[in-house]
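**Q** Here it is, the structure, as structure tokens.
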Amino acid sequence: MKYVSTRGSAPELSFEEVLLTGLAADGGLYVPKDVPHFSLEEIESWRDLPYTELAHKVIYPFVEGSVDPDALRDMIEQAYSVFGHKAIAPLQQLDHNEYVLELFHGPTLAFKDFALQLLGRLLDYVLERRNEKVVIMGATSGDTGSAAIEGTKACKNVDIFILHPHGKVSDVQRRQMTTVQGDNIHNIAIEGNFDQAQDMVKASFRDQQFLRGERKLVAVNSINWARIMAQIVYYFYASLNLGGPLRSMAFSVPTGNFGDIFAGYMARKMGLPIEQLVIATNSNDVLHRLMSSNLYEVKPLHHTITPSMDIAVSSNFERLLFDLYDHNGEEMSALMEQMNQREHSVELDADRLARARQVFDSHAVDEATTVSTIQAVYNETGYLLDPHTAIGVEAARQTRRNTGIPMITLGTAHPVKFEQAIQQAGFPTPELPHHLADLMSREERVTVLPAELDNVQQFIADTVFA
């Protein structure tokens, strides 16, 4: 499997190279040159497979030539053995043909464990073989950081630095990062917002001179293709458990950076019948505004009770645009240059947007409606949603095209992680699972830095080369 950049001028890479590269040299994101496609008969033959065996079927074509198939099978088994539910991704029914796919049974109680538990093991496998050490640098609006730390804390050839906006993630989210012990784990709280943190990560990948040529930066956020690849699996799993591929499905995805919903788009391209994908957002609704009115305009970031979606610029949307623009790297490069000038608004070609609208709908949900949705679903079913999943459920109900097929909202996090929202809905905060019962009393380790690139890079260099 070879991978190409969305902007067309970076070299083609193998999966192993993409895993260790992050952003392409031309500033683009890597995507598979050719997407594997499965027939309906082949997908149907997987119906009775457990999650780990299904994951091997879906993932192996993306890593073929870089990862031994038996080694991949072992890594998948290890990655999901730490999940707290034997089904790995169980379904919860809310109503007739309405479901929540629970993606929060991993060690950090968020969907990002699905990708990052596997990513850490893939990194160890590749780095051991290459006898290399790397630096992981990532930005988090809440959940990516803890999942990345949990997934890579045992990696022998990795130092990990996670940036989060100081005072703008929940207490549970912060402590899941800052209380993990390990000499290779470093938490940086920047005095700014998530987009500033992400901009510093992107700038560091473009110019890595601060690492003196002795180490390479590796990405763990969703610009790393391995993240998307691992998330494709649970779309297949949910569909197969509800009668797919003989019937189509619809999915509603709470999304900020567009990575999780792009995985659904990839599943559809791979042959899984998906009739509708709903982009569910909070008031940071850049994608909803684009989908509904064809106006891409970056607005100031709002801090909400759904912090994992407090993102003003959705990085992975570039991967969808690359597909909509027929893999034309030259056109994409010009378009992304326009979109990255945040003081300007951009329109897409009408026919490209029309193609997106064939699959995608979108809906933005304000805080009051998020809270009322938590209340309504609990009153209807006794089931407590986290606020991000509540946005997904509300968006699904508002945009649903076909009530005759299952609508599946991705349950992205456990409600215990978002105490403020749960209390606003009038419910006591759920208890932490037993493996995190003492989380609030564990010692924290974190460094607070100004939102300035030079300071952050100097801290990383001083730490790595101490």
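The values are calculated or read from the model by the stated rules, or taken from the named source; none is laboratory data. Keep in mind the model is a prediction, meaning the values are calculated, not measured. Heads up, the Cβs are rebuilt from the backbone with ideal geometry, glycines too, and the neighbour counts pull from every protein chain shown. Quick note on the areas: whole protein, heavy atoms, side chains included, nothing else; ligands and nucleic acids left out. Shrake-Rupley method; radii C 1.70, N 1.55, O 1.52, S 1.80 Å.
**Q** Hey, among the residues in the range 348-392 that are farther than 18 Å from residue 326 by Cβ and among the charged types (D, E, K, R), which one's least open to solvent (accessible area, probe 1.4 Å)?
**A** 386
**Q** Which residue is modelled with the lowest pLDDT, if the candidates are limited to the range 21-58 and must be closer than 19 Å to residue 216 by Cα and either surrounded by 19 or more Cβ atoms within 10 Å (Cβ to Cβ) or in contact with a Leu (Cβ under 8 Å, 6 or more places away or on another chain) (or both)?
**A** Checking each candidate, the answer is 22.
**Q** For residues in the range 388-408 being over 20 Å from the mean Cα position of the chain (by Cα) and hydrophobic (A, V, I, L, M, F, W, C), which is farthest from residue 253 (Cα to Cα)?
**A** Taking the candidates together, the pick is 405.
**Q** Can you confirm whether the range 422-429 contains a residue that is part of a helix (DSSP H, G or I), under 24 Å from the mean Cα position of the chain (by Cα), crowded, with 16+ Cβ neighbours inside 10 Å and modelled with pLDDT under 95?
**A** No, the range 422-429 contains no residue that is part of a helix (DSSP H, G or I), under 24 Å from the mean Cα position of the chain (by Cα), crowded, with 16+ Cβ neighbours inside 10 Å and modelled with pLDDT under 95.
**Q** Looking only at the range 185-200, how many residues end up being touching a Ser or Thr at 6+ places or on another chain (Cβ under 8 Å) and outside any strand (DSSP E or B)?
**A** 3
**Q** Suppose we filter the range 390-417 for residues that are under 27 Å from residue 292 (Cβ atoms) and either at pLDDT below 95 or outside any helix (DSSP H, G or I) (or both); how many remain?
**A** 14
**Q** Turning to a different aspect of this structure: Could you list, in sequence order, the residues of the range 128-150 that are under 19 Å from residue 387 (Cβ atoms) and among the β-branched types (Val, Ile, Thr)?
**A** Answer for the range 128-150, where residues must be under 19 Å from residue 387 (Cβ atoms) and among the β-branched types (Val, Ile, Thr): 140, 144.
**Q** So which residues in the range 256-308 are part of a loop (DSSP other than H, G, I, E, B), under 28 Å from residue 174 (Cβ atoms) and touching a strand residue (DSSP E or B) at 6+ places or on another chain (Cβ under 9 Å), if there are any at all?
**A** 256, 258, 282, 283, 284, 285, 303, 306 - these are the residues of the range 256-308 that are part of a loop (DSSP other than H, G, I, E, B), under 28 Å from residue 174 (Cβ atoms) and touching a strand residue (DSSP E or B) at 6+ places or on another chain (Cβ under 9 Å).
**Q** Quick check: anything in the range 134-150 surrounded by fewer than 24 Cβ atoms within 10 Å (Cβ to Cβ), more than 17 Å from residue 205 (Cβ to Cβ) and at pLDDT below 90?
**A** Scanning the range 134-150, I find no residue that is surrounded by fewer than 24 Cβ atoms within 10 Å (Cβ to Cβ), more than 17 Å from residue 205 (Cβ to Cβ) and at pLDDT below 90, so the answer is no.
**Q** Follow-up question, since we're still on this one. Condition test on residue 86, is it within 17 Å of residue 435 (Cβ to Cβ), open to solvent by 20 Å² or more (accessible area, probe 1.4 Å) and out of contact with any His (no Cβ under 6 Å at 6 or more places or on another chain)?
**A** When the stated conditions are applied, residue 86 passes them.
**Q** Hey, residue 246 hits all of (1) open to solvent by less than 10 Å² (accessible area, probe 1.4 Å); (2) in contact with a Pro (Cβ under 9 Å, 6 or more places away or on another chain); (3) part of a loop (DSSP other than H, G, I, E, B) but one; which does it fall short on?
**A** Against the list (1) open to solvent by less than 10 Å² (accessible area, probe 1.4 Å); (2) in contact with a Pro (Cβ under 9 Å, 6 or more places away or on another chain); (3) part of a loop (DSSP other than H, G, I, E, B), residue 246 comes up short only on (1).
**Q** Going by the structure shown, is residue 131 closer than 20 Å to residue 72 by Cα and surrounded by fewer than 24 Cβ atoms within 10 Å (Cβ to Cβ)?
**A** Spelling it out, residue 131 is indeed closer than 20 Å to residue 72 by Cα and surrounded by fewer than 24 Cβ atoms within 10 Å (Cβ to Cβ).
**Q** Could you identify the single residue in 214, 191 that is touching a Pro at 6+ places or on another chain (Cβ under 7 Å) and either open to solvent by 20 Å² or more (accessible area, probe 1.4 Å) or among the hydroxyl-bearing types (Ser, Thr, Tyr) (or both)?
**A** Result: 191 is the single residue among 214, 191 that is touching a Pro at 6+ places or on another chain (Cβ under 7 Å) and either open to solvent by 20 Å² or more (accessible area, probe 1.4 Å) or among the hydroxyl-bearing types (Ser, Thr, Tyr) (or both).
**Q** Take the conditions at pLDDT 90 or above and assigned to a helix (DSSP H, G or I) and apply them to residue 210. Does it pass?
**A** Judged against the criteria, residue 210 is a match.
**Q** Looking at 151, 106, can you tell me which residue is within 28 Å of residue 186 (Cβ to Cβ) and in contact with a Phe, Trp or Tyr (Cβ under 8 Å, 6 or more places away or on another chain)?
**A** Only one candidate passes the filter, namely 106.
This table checks each residue for (1) of a type outside the set (A, V, I, L, M, F, W, C); (2) part of a helix (DSSP H, G or I); (3) touching a Gly at 6+ places or on another chain (Cβ under 8 Å).
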{"position": "330", "(1), (2), (3)": "yes, yes, yes"}
{"position": "342", "(1), (2), (3)": "yes, no, no"}
{"position": "352", "(1), (2), (3)": "yes, yes, no"}
{"position": "362", "(1), (2), (3)": "yes, no, no"}
{"position": "368", "(1), (2), (3)": "no, yes, no"}
{"position": "373", "(1), (2), (3)": "yes, yes, no"}
{"position": "388", "(1), (2), (3)": "yes, yes, no"}
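**Q** Looking at this structure, is residue 405 within 28 Å of residue 82 (Cβ to Cβ) and surrounded by 20 or more Cβ atoms within 10 Å (Cβ to Cβ)?
**A** No: the conditions fail for residue 405.
**Q** Quick test for you: out of 53, 98, 77, 102, pick the one residue that is free of Cβ contacts under 8 Å to residues at least 40 places away in the same chain and within 25 Å of residue 253 (Cα to Cα).
**A** After applying the criteria, what remains is 53.
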